[in-house]
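As structure tokens, the structure follows; a few thoughts come after it.
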Amino acid sequence: MESNIFTSLILPIALGTMMLGMGLSLVPEDFQRVGKYPKAVAIGLISQLFILPLIGLAIAKLVPMQPAIATGLMILALCPGGVSSNLVTFLAMGDVALSVTLTALSSLITVFTIPIFANLASQHFFGQGAVVELPIQKIKYAC
């Protein structure tokens, strides 16, 4: 992707400003409530980290597609919602503290799960010789 002033400066500043505004609307009690009800966090993490990839795998198996497209679909399914999902949750007047908590936890977990599951998907669709290299040091942005 070609870098220009919009993608390298304006977009990050706009996104950062929106996230700051959204974050300022939260109070510590919001996160305490999330801590009191960990079932929502567990359901969200299981859905993002296991159910979504299983749905992606089902689609890749049911719909005829090239191995590269199927592997790409799996990589997308392995990446849970990020910063933009928090913004959408805020605009929809949803539970922003829960969304931020899920984003933080899933971002920590997917550093380990994406390389493992991407390799499994690559080997499944391309054959046993395929290996996907995702060096953690070179990852600039989270999914």
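Numerical summary
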| item | result |
| --- | --- |
| Given charges at Cβ of Lys, Arg, Asp, Glu: the range 29-140 dipole, positive-most of Phe50, Ile116, Ala97 | Ile116 |
| Average Cα contact separation per residue, the range 29-140, under 8 Å, 6 or more apart, as relative contact order % | 28 percent |
| Kyte-Doolittle at least 1.0, axis length at least 27 Å by Cα - qualifying DSSP helices, the chain | 96-126 |
| Span from the the range 1-56 Cα centroid across to the the range 76-106 one, whole angstrom | 3 Å |
| Counted charge near Thr101, where neighbours are those whose Cβ lies closer than 14 Å (Asp, Glu -1; Lys, Arg +1) | 0 |
| Accessible surface, 1.4 Å probe, highest first, among residues Met65, Met74 | Met65, Met74 |
| Extension gain (nm, one decimal) between Gln128 and Ile46, 0.36 nm per residue minus Cα-Cα | 26.8 nm |
| Virtual spin-label span in nm between Leu20 and Leu105, 7 Å along Cα→Cβ | 2.9 nm |
| Spin-label pair Phe112/Met93, simplified geometry with 7 Å Cα→Cβ offset, distance in nm | 4.0 nm |
| Distance (nanometres) between label positions extended 7 Å along Cα→Cβ at Tyr37 and Leu62 | 3.1 nm |
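The values are calculated or read from the model by the stated rules, or taken from the named source; none is laboratory data. None of these values were measured; they are calculated from a predicted model. Reconstructed Cβ throughout: ideal geometry from the backbone, glycine too, with neighbour counts over all protein chains shown. Ligands, DNA and RNA are excluded from the accessible area calculation, which covers all protein heavy atoms including side chains. Shrake-Rupley method; radii C 1.70, N 1.55, O 1.52, S 1.80 Å.
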